[in-house]
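Heads up, the thing below is written out as structure tokens.
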Amino acid sequence: MPHEFRVNVVGAPPQLASSTNPVPCVYSPNPTVVVAWDGGNPTVGSYRVFDRYPTTRPTPTAGTFEPTNKNPPQVLLQNVADGRWWFHMVALDGMGYSTKAAAHYEVDIGMPPDAGSQAR
């Protein structure tokens, strides 16, 4: 006898935003970063990574799990060192499988790199 069951499949990663760094590529002197996400479809949760690489894809072994019911759905990162950083996230569907694509959000901390000066 065949069995049927429903699975919520998530096709897209969460949408990311930051109240402390609302515009990517604009440096902020504040070393505290808040990143929030909207998962869209119901999911089991998500994995996140915060690093210096623009295309990291979080995994169970290289990421931090965030449950779906986290309220508010955001993370607070304190004392972030100066430089360019990226926050990455994938969503998990009802079976625990992650989205194929990861969401990436650029965060720039400190003073912008100097454009240099010309010798006279």
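Taken together, the values in this text are just the output of simple stated rules run on the coordinates, not laboratory data. Keep in mind the model is a prediction, meaning the values are calculated, not measured. Because the Cβ atoms are built from the backbone with ideal geometry, glycine has one as well, and the counts that use them run over all protein chains shown.
Just want the ordering: Lys70, Lys100, from fewest to most Cβ atoms lying within 10 Å of their own Cβ.
Values: Lys70 13, Lys100 10.
So the residues, fewest neighbours to most, are Lys100, Lys70.
How big is the dipole moment of the chain about its Cα centre under a simple scheme where the beta carbon of each Lys and Arg is +1, that of each Asp and Glu is -1, and everything else is neutral? Debye, nearest 20, please. Could the numbers behind the result be given before it?
Values: 8 positive and 9 negative charges, 25 e Å.
Taking the Cα centre of the chain as origin, the dipole is about 120 debye.
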Per-residue Cβ neighbour rank within 10 angstrom, fewest leading, Trp85, Trp37: Trp85, Trp37
- line: Between (i) 1.29; (ii) 1.09; (iii) 1.36, the structure-derived Cα Rg over 2.2 N^0.38 Å is (i)
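Below 13 angstrom from the Cβ of Leu16, what's the summed charge of the other residues (Lys, Arg +1; Asp, Glu -1)?
Working: positive: Arg48; negative: Asp38, Glu66, Glu106.
Neighbour charge sum, excluding Leu16 itself: -2.
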